[in-house]
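The values are calculated or read from the model by the stated rules, or taken from the named source; none is laboratory data. From a predicted model like this one, the values you see are computed outputs, not experimental measurements. Positions of Cβ are generated from backbone atoms using ideal geometry, with glycine treated the same way; all protein chains shown enter the neighbour counts.
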Amino acid sequence: MRNAEGHDAVNASAAAIRVGYARCSTDEQDVVVQTEQLLGLGVPADRIYIDRGLSGTTRRNRGGLDQALAAVWPASVFTVTKFDRFTRNMAEANQILTDLSDRGVLFGLGGPIYDRNDPFGRLFLQILAMVAEFEANFGHLRTREGMALAKKNGKLKGKQPKLPEPARRSIRRRYAEGKVSLADLATEYSVGRSLFRPLPTVILAVACIMTSILRQPSPNGSRLLALPRTPFRDLPSPRNFLDGSRSHSSLRRPW
């Protein structure tokens, strides 16, 4: 591609350092594939930023994208393997690409590198953004039709979760591995820590507190309720619920 001044943008940026971004909305393995492709393009491993279990239709909650955009500098190359991994929102794509261009950052789509100041490069990226948004909208349309049919047949009930199921699975797996805290996960996904707190553990904790109160002697010396003692150490760890190794029904009741 040639920019407005007639310089060869690709050759000028051949030695530029790349900053990579990968996103996965459904399949965890896809992030591995994208990461390997970015490494093959010369992106340093410490400059690859990832969003797991998040949609490309909005920039909200995408901490990996924000970090990648903050990590680029003039003459560097913001790199993705596919345009739809970057975004599926045409307005946000134009906004981000304009910001990158104003900062002197080039856009790498796989091996090729594009300069938004070049009219042909701008047109090509706008077409890709338009197609990516169309594919997302068409998919949403088919999903809504399926949901309408399921609702009509009485198979769609209940409130939808705040986070999509792929993101919740990723959170459970990463927390169960013990490499990241709930506070860090809550910050990364822009949700409250209470969203991750296992409800059965809270219920059992309250139950144990209540039984401890009921065990206290009454003024006449007798207990309000004769119950066996259950130490708090017998309560299950939240990690046991997050990794799916224990269920509420399998726990021994404290009474």
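For this structure, a couple of remarks:
- Test result for Ser170, in contact with a strand residue (DSSP E or B) (Cβ under 6 Å, 6 or more places away or on another chain) and modelled with pLDDT of 70 or more: yes
- Filter result for Ala70 (in contact with a helix residue (DSSP H, G or I) (Cβ under 9 Å, 6 or more places away or on another chain), free of Cβ contacts under 8 Å to residues at least 24 places away in the same chain and in the same structural domain as Leu125 (by TED's automatic domain parsing)): no
- Qualifying residue in region 140-163 (condition: surrounded by 16 or more Cβ atoms within 10 Å (Cβ to Cβ) and modelled with pLDDT under 80): yes
- Residue selected from region 54-88 under the condition over 19 Å from Tyr114 (Cβ atoms) and crowded, with 22+ Cβ neighbours inside 10 Å, by the criterion farthest from the chain's Cα centre (by Cα): Arg62
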